[in-house]
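Asker: Here it is, the structure in full.
The values are calculated or read from the model by the stated rules, or taken from the named source; none is laboratory data. All values reported here derive from a predicted model rather than from experimental measurement. Note: ideal-geometry Cβ built from the backbone for every residue, glycine included; neighbour counts use all protein chains shown.
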Amino acid sequence: MDPTTESVLIFDSFVLDLARGVARADGVDLDLRPKSFAVLRHLAGNAGRLVSKQDLHQAVWGNVVVSDDSLVQCIRELRLKLRDDDHRIIKTVSRRGYRLDAEPMPLSHDRGSSRVSRRTSAPRVAALRLAALPRWLLVAGLSVIAFAALASVPPIANGIQRPLAELASWLAPQDHGIVPDRDVERITALAAEKQLPLPAFRVRAPANDVPDNIRRFLGVWVSDEGWINSHRQFMMIVTNVDRDGAATGYLVNGPAMPHSRTPGPGFSGGFTGYVLDDILRYDGNSGLHSASATADGRIEFKLVFREGGTGVVFLDPLWTFAHPGHVARIQP
């Protein structure tokens with residue numbers, strides 16, 4: 001498959017938007033570095049086939065000489081963002097290269113759509129198209145449909161109630177990993193109160209060999225007053241950490257306030273950062289993000305903007321692995 005002929009591809013449970021240069025999971029953009037996205041794009045364009053390291057170097061870096069470690073770091077970031085811990089999606093072929101073990105299916109063009117219809121059933125195609133949309137939009141639409149159905153003729157409502165419930169469960173799974181349901185409910189309530197667009201998240205238990213200074217970041221953290229000066233609300237969700245210091249999760253901003261630097265409604269995005277010297281750092285599109293623990297158990301989060309200036313926000317622990325069951329500033 002030539003990825004330049006399609007604008008949107010779906011593989012496994014992810015959406016690769018070539019026109020925008022992003023990959024999405026559950027309707028949330030995965031904030032990949034440009035080189036990592038280029039590696040994913042090339043692997044997707046050769047899905048099911050072995051792609052040599054030399055081929056990837058040429059496709060992504062061209063004539064620029066880089067070490068193999070640059071490619072290894074890109075593959076590592078992709079596996080973290082794609083939740084590919086078991087290397088099920090991106091296979092390593094020892095000493096030769098890599099293979100994307102998932103066949104992308106085109107979404108946007110008629111020619112691509114016809115190929116999909118021959119390979120899979122109509123319900124599967126519909127499900128894949130739905131998966132490309134943000135979950136909140138799908139859940140909101142289902143809520144309207146369910147209300148209309150339940151308010152209509154009883155036999156019709158009774159017949160559609162169960163399929164709607166099953167579809168809603170598929171679109172909005174309740175598996176949040178190691179975070180108990182009661183805490184998820186409280187976190188969801190506070191996010192709604194602060195108008196934070198909470199993404200679908202799953203916190204994974206760290207391995208036993210992950211140091212305490214790394215695992216302390218694992219969990220859900222939220223602002224009380226918001227960003228200093230602007231008061232825009234903010235949340236950090238760290239869903240996975242490993243012993244080498246890699247950390248993945250989501251950064252969530254509420255709607256803009258009068259003095260916010262970036263206008264617009266609330267938004268969220270995935271991130272991959274690294275813990276070094278007890279500080280979680282992430283180099284994103286806006287600038288350099290850093291999170292460090294304070295003496296009173298909070299997180300001081302800083303964003304050094306690329307065009308100049310620094311934003312600061314303090315985060316309280318909502319639920320953390322270090323203090324399971326603790327939900328700050330929320331009462332049942």
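Asker: Please work out which residue is surrounded by the most Cβ atoms within 10 Å (Cβ to Cβ), limiting yourself to segment 40-63 and to residues that are under 22 Å from N285 (Cβ atoms) and out of contact with any Asp or Glu (no Cβ under 9 Å at 6 or more places or on another chain).
Answerer: That would be L40.
Asker: Got a number for residues in segment 247-275 being modelled with pLDDT under 90, among the hydrophobic types (A, V, I, L, M, F, W, C) and closer than 19 Å to R204 by Cβ?
Answerer: Selection size over segment 247-275: 1.
Asker: Can you name every one of the strands (runs of 3 or more DSSP E) wholly within segment 228-309 that holds 2 or more residues which are of a type in the set (S, T, Y) and either loosely packed, with under 15 Cβ neighbours inside 10 Å or in contact with a strand residue (DSSP E or B) (Cβ under 8 Å, 6 or more places away or on another chain) (or both)? Before the answer, list the steps.
Answerer: Working: elements: 234-241, 246-253, 267-276, 279-283, 287-293, 299-305.
Fully inside segment 228-309 and qualifying: 246-253, 267-276, 287-293.
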